[in-house]
Amino acid sequence: VETGRVILETLKKQGVSVNTIKDRDGNCPQHWAAMSGHVAFLNLLHEYDADLVAPNMLGTTPLHDAARFGQLGAVKFIVDTCGKENIKTRNEYSLDAFSIAAHYLQDDVLEYLIQQGDVSNIINAKNARDYTPLDVLEKQWMKNTVGKRSIANHILDSDESARFFSPRSIRQRYERSK
């Protein structure tokens, strides 16, 4: 982190914003820090006015990247620093952080995002392919035969006595709870 501070200080003295440093995909350093789960570096970047919700060329934000790679610490830092409303920010594929975490079966991230408030509008939101996060979860769960029990518990069901969950049963419970 100290090396990063020296570099950021040098850039600042030269009038270069950290937000203007991008790779060919439009990812800023904050995207890479989020993907890697480097919360200390995200904090340092934030101190140097980095936009922690800056979109890349596809509209993907550091929060999306952290959700994709299951970097719970980075997800928490970005949400706490930039606000819960960023959970709903969509990329060019109409995916928000919740949908991305569901697609990649990142149950810890999903649990945290669910705890941040009302997810009913996110659960019902459709992506560019007309899928809801539950559709995506079901599709991914079927690919991964093990599934993620804790996702089911925290999304729609608090019944700790249930032994197995399938996305279909999750969907049915959610539909009944409306």
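Taken as a whole, the structure places Arg149 among residues that are farther than 30 Å from Asn19 by Cα, modelled with pLDDT under 70, surrounded by fewer than 17 Cβ atoms within 10 Å (Cβ to Cβ) and not polar (S, T, N, Q). Select from the stretch 76-111 the residues that are surrounded by 19 or more Cβ atoms within 10 Å (Cβ to Cβ), in contact (Cβ under 8 Å) with a residue 40 or more places away in the chain and assigned to a helix (DSSP H, G or I) and list them in ascending order. Ile78, Ala102, Asp107, Val109, Leu110 - these are the residues of the stretch 76-111 that are surrounded by 19 or more Cβ atoms within 10 Å (Cβ to Cβ), in contact (Cβ under 8 Å) with a residue 40 or more places away in the chain and assigned to a helix (DSSP H, G or I).
Among (1) out of contact with any Ser or Thr (no Cβ under 9 Å at 6 or more places or on another chain); (2) among the charged types (D, E, K, R); (3) closer than 21 Å to Tyr131 by Cα, there is one condition Glu92 misses while meeting the rest; what is its number? With (1) out of contact with any Ser or Thr (no Cβ under 9 Å at 6 or more places or on another chain); (2) among the charged types (D, E, K, R); (3) closer than 21 Å to Tyr131 by Cα applied to Glu92, the lone miss is (1).
The values are calculated or read from the model by the stated rules, or taken from the named source; none is laboratory data. The structure displayed is predicted, hence computed values, not measured ones. Counting neighbours? That spans all protein chains shown, and the Cβs are built from the backbone with ideal geometry, glycine included.
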